[in-house]
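Here is the structure we will look at, set down as structure tokens.
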Amino acid sequence: MHFNFTNKLPVFYLSFIFFVMFSIYYFLTPISFLFNTFLYTNNNFITEINYINFFYNVLSDYIKYNFFSTFLLLIIFYCLFKIFFLNKNNQQTKIYYFTYLLNFLIIVCIFFLIKDIFYLSKNFYEMKEINRHIQYIEILNSRRTHVNLLIIFSVINFKNNKILSYFSYFLIIAYSFLSLSRIELLILFLCHMMTNIFITKKNIYKIILILAIAIFFIISYRFILSGNSLLVIFSEPLHLMLSSIIFFKNIKLLSFNDYLFNNLYFFLNDFFYFSINVNNYFISSFSQIPIYSIRGIDSIICFPIVFSIYLFILRLLINNFYVNKPFLNCIFSYLLIALFRGNFVHNLNFIIKIYILIIFFSWIIQKVQQLRSRVV
């Protein structure tokens, strides 16, 4: 997709993606569960409904918090959009040898992903089924940095080396099906659509239809393969809402000093990898409630100081080191998904480090090339 801001189509397209995800995660599903008797009494959600009843005493205040977080979500989406696409800086330093670097990094990530696929295939062969619980404990609960790197790099490199990107896509899809994981498929699909698909007035509605069908399949395929009711597709947005309620309940008990120190500890742990314990306010003291994924906006409210530092660094990088449009489109798409699902502050740090990694290796390659030319 080529962004040309004399044309309002890209703005409409990105806004459409944002408001679809907003409707699913913040409006349609929570409202359906709270006010739809059929869903509220359905046996598929009895555990989740019991959890909601457990937090009944904070629900009225949480609704106010949800309005605040929704307003903040809109502001942050606009800020990100402005940083990525509306700021123009003619003093940018170009990144050299980017394609060669991408090919190398993709091959490295492929090596690690093939190891994961081999383990998942072996596990499936021995058990004759996909055991999501065992896979989560042994593989999926660890850092999946190489998977996310491969998604981003293969999408960015698609037009330069389609064969390598298609092979990467195949491996990511195989990994997702073997692990019954949806988030990698969602990131891959949306990043590819928003980076490599050219949008015109003629095809935009067709693309939106394809998006809707593909997103529904990605969300529901796990339950189709496992034989569960399609109603269970509502469970993830509901789990995010429960995680948000848990966070709200815990954050109310925090003192201001603890809040500040937790931001400091998180920054040292997340950016510099210091071995410091960071309090997890997304875990309930009620032992029967499992750990859920979290809303991106809740992580920003939990770590606003760290978020501000990261956003400042990202803006400096974008304004001063130009990679290319596909790179900016892809990492923006990645962050857009992280706004709704996952620790957005941590993901912002992840993107910053990718940016710095590319700048550093590009500089190394450039210096090596200069030395070779001098020798010759």
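Of PHE344, SER275, PHE361, whose Cα points farthest to the positive end of the dipole of the stretch 247-372 (charges on the beta-carbon: +1 Lys, Arg; -1 Asp, Glu; origin at the Cα centre)?
Farthest along the dipole direction, towards plus: PHE361.
In what order do TYR97, TYR205 fall by count of nearby beta-carbon atoms within 10 Å, going from fewest to most?
Ascending Cβ contact count within 10 Å gives the list TYR205, TYR97.
Cα extents of the stretch 256-317 along the three principal axes, largest first, in whole Å?
Taking the Cα atoms of the stretch 256-317, the three principal extents are 44, 24, 23 Å.
Which order, highest average first, do 101-113, 147-159, 293-305 follow once you tally other Cβ atoms within 10 Å for each residue and take the mean per peptide?
Taking the mean over residues of other Cβ atoms within 10 Å, the ranking is 147-159, 293-305, 101-113.
Can you sort SER308, SER60, SER69 so the residue with the fewest Cβ neighbours within 10 Å comes first?
Fewest-to-most ranking of SER308, SER60, SER69: SER60, SER308, SER69.
Quick one: of LYS159/LYS201; LYS249/LYS353; LYS162/LYS206; LYS82/LYS162, which pairs are farther than 25 Å apart, Cα to Cα?
Violating the 25 Å limit, Cα to Cα: LYS249/LYS353; LYS82/LYS162.
Within 10 Å of each residue's Cβ, count the other Cβ atoms and sort ASP116, ASP61 from fewest upward.
Neighbour counts put them in this order, fewest first: ASP61, ASP116.
Every number in this text was worked out from the coordinates using simple rules, so none of it is lab data. Treat the numbers as computed from the prediction; the structure is a model and nothing was measured. Neighbour counts are summed over all protein chains in view; Cβ atoms, including those assigned to glycine, are modelled from backbone coordinates with ideal geometry.
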